[in-house]
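Contents: one structure, followed by commentary.
The values are calculated or read from the model by the stated rules, or taken from the named source; none is laboratory data. This one's a predicted model, so the numbers in the text were calculated from it and none came from an experiment. Glycine gets a Cβ as well: all are built from the backbone with ideal geometry, and neighbour counts include every protein chain shown.
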Amino acid sequence: MVSSLYSVSQENKTICVFLEVDSGALASVSLELISKSRQICDQLGWQLTGILLGDQLDNLAVDSIACGIDELWLGDHPLLHNFTIEAYSKVTFEMLVEKKPAVFLLGATPNGRDLAGRLAVRLRTGLNADCTDLYINPQNERLICEVSGFGGGVLALIEMADHRPQMATVRPGVFTIENKNRTENGKILPIPVELSNDLIHTRLVERTTGEMVDLTRVPVLIAGGRGVDGDFEMLGELARLLDGEVGATRPPVDEGHIGRERQIGQTGVVTSPKIAICCGISGAFHFVVGIEKADMVVAINSDPEAPIFDFADYCIVADVHQVIPALIEVLKAEREVSLG
Ligand SMILES: Cc1cc2nc3c(=O)[nH]c(=O)nc-3n(C[C@H](O)[C@H](O)[C@H](O)COP(=O)(O)OP(=O)(O)OC[C@H]3O[C@@H](n4cnc5c(N)ncnc54)[C@H](O)[C@@H]3O)c2cc1C
């Protein structure tokens, strides 16, 4: 068996979170990881550390401490201004080898996944990818990662016995962001960074931004499946009346009725709305994992045997093309009355 670069006996009792920057702020998934890791560290008496890389990030460093980081390892360098895999993996690798955290967590974002894979290979450790939950085994203080496997048919709980750090990427939206509550005790540790242009083969040519929608934390989700026959305009109208957003199962996405950024489920977005209204959706496991954190689920399906009804709090056996227009009418009428 190949040994990792540092061993269990050399590990520091620390959870380290890679803090991703998104449009000048800490990414939601990083805040989620901080909240979850803070709970675990408080339970174990461990330290919570973070890696923040970029160029002139003093404000974000202070924000990270305010969010609950005990010690922030700050890599500040002009060549870290944009994410490039060469620079980010070099600097993160050096910090991890020097600091030897027991656990290293990243968001399962495009950059987080890219970085995690490279680092796991260099550190010769394992990587639990796309986790949907994290726990600690009270007997041995090892991290337990919940991962869905075999196309989503099973949930596997994985522990890493001999390799360090115990690495995992976690899907955005699975943990709740707790209120910022710690400001006094954290410290910022600037780490010297050595980088030169010839190391970096990636050039940022153009930055384009598509339609931005963050379905992970919308309060109302109107999800449409194959049963809506591509009529996402109808669902959009309902979403607007309820201050919500439209999501979809995979078939309408594959058929081009709606953008892939709105796919809910195992290979889409994991959401935690207050209410999810599932329209013409059968309730396959791959979809349900994306709404299982909803406070309330309403399902509309013409088939009384549809599996989604086993999961829903309110079950409406009916044609979605009749229920949704009727609901829209009622909401519009109510709005007109309230406007006077
Ligand atoms: C590895 C893997 C990953 C996957 N990842 C995802 C994922 O992330 N997200 C995802 O959604 N799927 C995913 N899938 C696909 C998933 O397994 C299901 O096939 C998919 O969720 C089914 O979508 P659906 O419910 O819209 O369609 P269907 O299963 O075809 O169900 C349509 C439903 O609409 C009902 N219906 C039809 N007409 C009406 C009507 N007029 N009124 C009311 N109800 C009506 C039917 O009774 C039926 O229950 C994945 C599959 C694999 C193998």
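Would you confirm, using the coordinates I've provided, whether residue 209 is within 14 Å of the ligand (Cβ to nearest atom), of a type in the set (Ser, Thr, Tyr) and either assigned to a loop (DSSP other than H, G, I, E, B) or assigned by TED's automatic domain parsing to the domain that holds residue 333 (or both)? Spelling it out, it is not the case that residue 209 is within 14 Å of the ligand (Cβ to nearest atom), of a type in the set (Ser, Thr, Tyr) and either assigned to a loop (DSSP other than H, G, I, E, B) or assigned by TED's automatic domain parsing to the domain that holds residue 333 (or both). Among the candidates 204, 127, 119, 123, the residue that is in contact (Cβ under 8 Å) with a residue 60 or more places away in the chain and touching a helix residue (DSSP H, G or I) at 6+ places or on another chain (Cβ under 9 Å) is uniquely 123. Counting the residues of region 1-21 that are at pLDDT below 95 and under 13 Å from the mean Cα position of the chain (by Cα) gives 0.
Does residue 233 qualify as being surrounded by fewer than 18 Cβ atoms within 10 Å (Cβ to Cβ), within 13 Å of the ligand (Cβ to nearest atom) and in a helix (DSSP H, G or I)? Judged against the criteria, residue 233 is not a match. I'm trying to understand the selection: among the residues of region 41-59, which are of a type in the set (A, V, I, L, M, F, W, C) and either part of a strand (DSSP E or B) or buried (at least 18 other Cβ atoms within 10 Å of the Cβ) (or both)? Once the filter is applied, which keeps residues that are of a type in the set (A, V, I, L, M, F, W, C) and either part of a strand (DSSP E or B) or buried (at least 18 other Cβ atoms within 10 Å of the Cβ) (or both), region 41-59 yields 41, 46, 48, 51, 52, 53, 57.
Okay, residues lined up against (1) surrounded by fewer than 14 Cβ atoms within 10 Å (Cβ to Cβ); (2) touching a Lys or Arg at 6+ places or on another chain (Cβ under 9 Å); (3) among the charged types (D, E, K, R); (4) in the same structural domain as residue 18 (by TED's automatic domain parsing):
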residue	(1), (2), (3), (4)
126	no, no, no, yes
136	no, yes, no, yes
140	yes, no, no, yes
143	no, no, no, yes
156	yes, no, no, yes
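When region 247-276 is filtered for residues that are of a type in the set (Val, Ile, Thr), in contact (Cβ under 8 Å) with a residue 40 or more places away in the chain and farther than 17 Å from residue 308 by Cα, only 269 remains.
Scanning region 266-281 for residues that are touching a helix residue (DSSP H, G or I) at 6+ places or on another chain (Cβ under 6 Å) and either surrounded by fewer than 20 Cβ atoms within 10 Å (Cβ to Cβ) or under 24 Å from residue 241 (Cα atoms) (or both) gives 269, 271, 278, 279, 280, 281.
The strands (runs of 3 or more DSSP E) falling completely within region 83-146 that include 1 or more residues that are closer than 18 Å to residue 8 by Cα and in contact with a Phe, Trp or Tyr (Cβ under 8 Å, 6 or more places away or on another chain) map to 101-107.
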